[in-house]
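One structure below.
The values are calculated or read from the model by the stated rules, or taken from the named source; none is laboratory data. As the structure is a computational prediction, the values presented were derived from the model and not from experiment. Note that we place each Cβ from the backbone using ideal geometry, even for glycine, and neighbour counts take in every protein chain shown.
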Amino acid sequence: MSVAAASFAVFAASQVGTPGPANMALLATGARYGFRAALPFVAGVALGKQFIIWPVGLGLMELADRVPLVFETLKWISAAYIIWLAWKVSQLRLGPSKHAPKAPGFLAGLIVHPLNPKAWAMIVAGFTGFVTPGTDPVIATATIGGILLATQVVLHPLWTLAGDRIARTLAGTAAEPYLMYSLAALTVASVLFVLFGGGT
């Protein structure tokens, strides 16, 4: 009765480090507002995943078995939210502006993963694939939650920094709007892949 922590850490890195709705949001935020201004948002995104991990680990999957419509509805609400974020990204420009809104903060980051279908799929796969049946749910949840948080603390800032560096190169150039359109398109594509392609 245990958690395959080392194997799960590899799995977590492969999932957290690859493109998905949250990483596209981090990339776009870093590109628009700069790395330092985006850090509160990054922290919120990282901690927000715990709002999925703990309920799932402590029994939420039983509700999914009993009332599947709840999770089906959540999936489509989540997809709509991420696509709305993508539209917002497509409208952003990187150059300075007196009327530019402030960077999204910690609270805005908290809701990214709870409304991210990739995050739900990843966490469910973690509990079903790497936790031995009979393991104490608190120990299992703390282990899964701790590994994911550590992985996010390392990888989420890298996506944000990548956006910042891309912006320094393209801000104010003819390529700038195409960058934002591309980020938005990648965000939508990542959601559609999770919804219809079975990806995590």
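Beta carbons closer than 7 Å, at least 6 apart along the sequence or on distinct chains, pair a first residue in the stretch 97-110 that is farther than 13 Å from THR29 by Cβ with a second that is at pLDDT 60 or above for LEU107/GLY44; LEU110/GLY44; LEU110/LEU47; LEU110/GLY48.
Within the stretch 1-30, restricting attention to residues that are among the aliphatic types (A, V, I, L, M) and part of a loop (DSSP other than H, G, I, E, B), which residue is surrounded by the fewest Cβ atoms within 10 Å (Cβ to Cβ)? By that ranking, first place goes to MET1. The residue pairs whose first member lies in the stretch 1-16 and is over 14 Å from VAL154 (Cβ atoms), whose second member is outside any helix (DSSP H, G or I), and whose beta carbons are closer than 7 Å, counting only pairs six or more residues apart or on different chains, are MET1/THR132; MET1/GLY134; MET1/THR135; SER2/THR132; SER2/THR135; VAL3/VAL131; VAL3/THR135.
Within the stretch 141-168, the set of residues being touching a Phe, Trp or Tyr at 6+ places or on another chain (Cβ under 7 Å) and within 23 Å of ALA6 (Cβ to Cβ) comprises THR141, ILE144, GLY145, ILE147.
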